[in-house]
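Notes follow the structure.
The values are calculated or read from the model by the stated rules, or taken from the named source; none is laboratory data. Please read these numbers as outputs of a predicted model, since none were measured by experiment. Cβ: placed from backbone, ideal geometry, glycine included. Neighbour counts: every protein chain shown.
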């Protein structure tokens, strides 16, 4: 399993949000980011392989950037947020599941399992 995984649930429909482009970036210094992975969510709204299996990231600050604008255009819904960016710290060599609960006018996240 990848050290970083995510999924997106569109809470306005109660269904997984498929086809959303997600970029994983590492902060290399304050305000400067480097992309280290990208992909699109599958039919189940998941992107399981952002980091190669059995690879551990350096400790530090990372962020997931979700392209919600394209998702809303494709679903013909007017959304307020063109993208969602979730920054988080990697402080141990364990699995980090960072889900996104999304609707056109809000979102939330948590550390999942």
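Results, tabulated for the structure shown:
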| item | result |
| --- | --- |
| Test: residue in the stretch 33-45 that is at pLDDT 95 or above, under 16 Å from residue 72 (Cα atoms), surrounded by 15 or more Cβ atoms within 10 Å (Cβ to Cβ) and touching a helix residue (DSSP H, G or I) at 6+ places or on another chain (Cβ under 7 Å) | no |
| Residues satisfying the stated conditions in the stretch 76-109, i.e. surrounded by fewer than 16 Cβ atoms within 10 Å (Cβ to Cβ) and either out of contact with any strand residue (DSSP E or B) (no Cβ under 8 Å at 6 or more places or on another chain) or farther than 24 Å from residue 2 by Cα (or both) | 76, 77, 78, 80, 82, 91, 92, 93, 94, 105, 106 |
| Residue within the stretch 34-54 that is over 15 Å from the mean Cα position of the chain (by Cα), without any contact (Cβ under 8 Å) to a residue 24 or more places away in the chain and assigned to a strand (DSSP E or B) present | yes |
| Sole exception among (1) touching a strand residue (DSSP E or B) at 6+ places or on another chain (Cβ under 7 Å); (2) surrounded by 17 or more Cβ atoms within 10 Å (Cβ to Cβ) for residue 72, by number | (1) |
| Filter pass, residue 67 being surrounded by fewer than 15 Cβ atoms within 10 Å (Cβ to Cβ), at pLDDT 95 or above and either closer than 19 Å to residue 87 by Cα or in contact with a strand residue (DSSP E or B) (Cβ under 7 Å, 6 or more places away or on another chain) (or both) | no |
| Residue match in the stretch 20-32 (condition: in contact (Cβ under 8 Å) with a residue 12 or more places away in the chain, surrounded by 15 or more Cβ atoms within 10 Å (Cβ to Cβ) and in a loop (DSSP other than H, G, I, E, B)) | yes |
| Members of the stretch 72-81 that are in a helix (DSSP H, G or I) and either touching a residue at least 60 places away in the same chain (Cβ under 8 Å) or closer than 10 Å to residue 104 by Cα (or both) | 72 |
